[in-house]
Amino acid sequence: MPSRAATTSLPRRAFVACLYAGCATGSFYGFGIYGGAIQSSLGLSDASLANINTVPYALGFVSAPLAGRVTKAFGPAAGLLLGGAIQAALQVAMYAIATGAAPTGAIDPGTALVLCACVVYVGGQLISSAAFSTPVLHFRRKRGRVVSLVKAFVGLSGAVVSQTYVVAFGVPSREPGALRCLLIWAAISAGTCFFGAACIPRSPSQQSREPAALLRLCFWLLLLLCGASMAASLVPQTGSPLHTGLVGLLGLLALSPLPLALGPLLPLLAPARSRASPGGRAFPSPRRAPLLA
């Protein structure tokens, strides 16, 4: 009979792959850090600046079905690889346009950035088609719970990136230096999607068991991550040891699902089905109330 760790291997791999790959779809959350620097560098109006972060969403009704077809035809790993590569490449292109390293010729730089942002959004749709649908296939009984955890981590990871940027480079300003955030998100897009593509199973197995203990633990970890993120945003952020410590805690919490999902500890955390009596006969263990209803 296969061990508990073996029977939960595919769902665990699917969950952790999608948890981190989904982070790339939160790249638009970083616009508040580098948007002012784009406007200052290129002299854009408020309307032109807003178009960069709003027009791409109009493509959703076209790009989402197409992304779903690509992922269904070629598998979730292909969707993550293609989406991550597109998103990272176009974020680097946006950095080059905003800094003037890549002349746009007859095209207005603001228009060029809108076009790049639209392609970034298409890449994000490819990532979403794999990262938010694959967990459902591996957690059919707990599909609502697992998708909510993956989507919640998208927003929380955006907060982690923003707070880490403040510790590393200071509070964002309209200076060109803030444009480096585009390169940071490009690295995150490529790194998380390539990692996800390497881990994600192509299809579920009928013999797999859903690791409920993993989902309960991740729920509480994300709750702690949310509280630490709120605390980090409320304390003084310039040269504050408390803020630096909280951001370090954010990083540890954000990475903590990785060993929980891939390591050998999960079987020890799940409630045992039976206990041995002194006479060597087994009797059922008392049922414990689930942490998540």
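From 27, 48, 40, which residue is in a helix (DSSP H, G or I), hydroxyl-bearing (Ser, Thr, Tyr), over 20 Å from residue 202 (Cα atoms) and at pLDDT below 90?
The conditions single out 27.
So which residues in the stretch 83-102 are farther than 12 Å from residue 113 by Cβ and open to solvent by 40 Å² or more (accessible area, probe 1.4 Å), if there are any at all?
85, 86, 89, 92, 100, 101
Those residues that are buried (at least 19 other Cβ atoms within 10 Å of the Cβ) and under 29 Å from residue 199 (Cα atoms), I need them from the stretch 32-71; list them, please.
If the condition is that a residue be buried (at least 19 other Cβ atoms within 10 Å of the Cβ) and under 29 Å from residue 199 (Cα atoms), then 63, 67, 71 are the ones that fit.
Identify all residues within the stretch 123-144 that are over 16 Å from the mean Cα position of the chain (by Cα) and in a helix (DSSP H, G or I); write none if there are none.
Correct list: 136, 137, 138, 143, 144.
A quick yes/no check of all residues on (1) outside any helix (DSSP H, G or I); (2) under 19 Å from residue 188 (Cα atoms):
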residue	(1), (2)
83	no, yes
90	no, yes
107	yes, no
113	no, no
118	no, yes
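Which condition does residue 166 not pass, out of (1) touching a residue at least 40 places away in the same chain (Cβ under 8 Å); (2) not in a helix (DSSP H, G or I), if it passes all the others?
Every listed condition holds for residue 166 apart from (2).
From the residues in the stretch 176-187 that are open to solvent by 30 Å² or more (accessible area, probe 1.4 Å) and touching a helix residue (DSSP H, G or I) at 6+ places or on another chain (Cβ under 6 Å), which one is nearest to residue 100 (Cα to Cα)?
Once the filter is applied, the top-ranked residue is 176.
Pairs only if they're at least six apart or on different chains, beta carbon under 8 angstrom, first in the stretch 197-212 and open to solvent by 50 Å² or more (accessible area, probe 1.4 Å), second of a type in the set (Lys, Arg) and outside any loop (DSSP other than H, G, I, E, B); list them, first residue then second.
Sorted first by the residue in the stretch 197-212, then by its partner, the pairs are 209/4.
The values are calculated or read from the model by the stated rules, or taken from the named source; none is laboratory data. Fair warning: this is a prediction, and the values are worked out from it, not measured in the lab. Here the Cβ is made from the backbone with ideal geometry for all residues, glycine too, and neighbour counts use every protein chain on show. Note: areas computed on protein heavy atoms with side chains; ligands, DNA, RNA excluded. Shrake-Rupley method; radii C 1.70, N 1.55, O 1.52, S 1.80 Å.
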